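These notes concern the structure reproduced below.
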């Protein structure tokens, strides 16, 4: 009897074990299928692979880089003021989760950034504002090392002007000519008085030099082998050059950029005009794929093609800076393009070349020259139609030896002294004297 009960108990245990293992097997398969389904669902969502946040004096920019275009909608809310960006079928990636930590709570416009899942199919980005602002959203296609990008620009109410409008200002200011006065007997006498007055010696004019430190903000420029960023070198040299020029009698300098923030190429030109600049000097540090390249170079504008392959390559690289900011310099207005070419191809380019030659000669006394002649190329930042403009490539930051020199305060001072001396020599030329009347009409 006991044997029979024991055998029955063993059979029951075996049956229970089989049921348990069957359940465990089914559960494991179900779990794997669930994981696979979830992984497939995540993979089917748009993945944000990188985020960038930049806050400047004129607007704030948030860039979301992804593996495919982002489907989005945007709304503004009040109490408090908020900008809400909803992204459909977009995963809440780790890169996106890190975005709020990039915002500076001390910034006067953005109070806080928040991200999260608004619905299972919608990821929401909220920018809580400290003041009234206007959003502008646009998409950029993949370019070079960048993937798809969705760019959110947030403009304070006092800076809601479109970037393209800013670019046209420097051109349109010259096109808006004053009407010719009608000659009458009453104003002939006034004209004669003005003629006599003009023959009197004029008060010495204060020369304004606009100094443009290249790159800035989210655009670091070239990066040296030791990690030195071009934007930091150019700002350091520019500040020293301003201090030097401000000490010269009859001269003053203005900085186009006085901190670490991004400015479009068109806006740099526009700021020079707003300052009534007589000269424009853009400071850069060169870079090349060949690490042994070394020496300084000076560039002026050319509308007829670059003077060398290197000049053409460098101009293309520098002009692509605005793609980082999402603002393309291509103006589709044929009339404005034609006007720009007409204005740039005459006296201003000739004076720019003379200015560049004086600066080149002085830099050649303290540094090796990569090119012994002034190079010309289509640098967008030099296209101020009535301001002699030059671009100074101080050295090759891609060269380890010259990277160290650029970080040297002693070498920076030598560069500043050379540039300032070159500017003064140009101002003493007859060509500069001939431009005084043109400058006075601006």
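Key figures for this structure:
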quantity: Condition met for residue 114 (in contact with a helix residue (DSSP H, G or I) (Cβ under 8 Å, 6 or more places away or on another chain) and more than 29 Å from residue 267 (Cβ to Cβ)); calculated: yes
quantity: Criterion (surrounded by fewer than 16 Cβ atoms within 10 Å (Cβ to Cβ), in contact with a strand residue (DSSP E or B) (Cβ under 7 Å, 6 or more places away or on another chain) and under 18 Å from residue 151 (Cα atoms)) met by exactly one of 69, 57; calculated: 69
quantity: Residue match in the stretch 297-307 (condition: outside any strand (DSSP E or B), at pLDDT 90 or above, outside the structural domain of residue 55 (by TED's automatic domain parsing) and out of contact with any helix residue (DSSP H, G or I) (no Cβ under 8 Å at 6 or more places or on another chain)); calculated: no
quantity: Which listed residue is out of contact with any helix residue (DSSP H, G or I) (no Cβ under 7 Å at 6 or more places or on another chain) and either surrounded by 22 or more Cβ atoms within 10 Å (Cβ to Cβ) or at pLDDT 90 or above (or both), from 394, 365, 410; calculated: 410
quantity: Lone qualifier among 143, 79, 73 - being more than 22 Å from residue 217 (Cβ to Cβ) and at pLDDT below 90; calculated: 79
quantity: The stretch 252-274: number of residues that are surrounded by 18 or more Cβ atoms within 10 Å (Cβ to Cβ) and touching a residue at least 60 places away in the same chain (Cβ under 8 Å); calculated: 12
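To keep it simple, each residue is scored yes or no on (1) surrounded by fewer than 11 Cβ atoms within 10 Å (Cβ to Cβ); (2) in contact with a strand residue (DSSP E or B) (Cβ under 8 Å, 6 or more places away or on another chain); (3) assigned to a loop (DSSP other than H, G, I, E, B); (4) modelled with pLDDT under 80.
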site	(1), (2), (3), (4)
131	no, yes, yes, no
149	no, yes, no, no
154	no, yes, no, no
178	yes, no, yes, yes
188	yes, no, no, yes
197	yes, no, no, yes
201	yes, no, yes, yes
211	no, yes, no, no
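One line per residue, one yes/no per condition, for (1) farther than 21 Å from residue 394 by Cα; (2) touching a strand residue (DSSP E or B) at 6+ places or on another chain (Cβ under 9 Å); (3) outside the structural domain of residue 425 (by TED's automatic domain parsing); (4) not in a loop (DSSP other than H, G, I, E, B):
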site: 237; (1), (2), (3), (4): no, yes, no, yes
site: 254; (1), (2), (3), (4): no, yes, no, yes
site: 270; (1), (2), (3), (4): yes, no, no, yes
site: 276; (1), (2), (3), (4): yes, yes, no, no
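The values are calculated or read from the model by the stated rules, or taken from the named source; none is laboratory data. Every value quoted in this text rests on a predicted model; they were computed, and no experiment measured them. Virtual Cβ from ideal backbone geometry, glycine too; neighbours counted across all protein chains shown.
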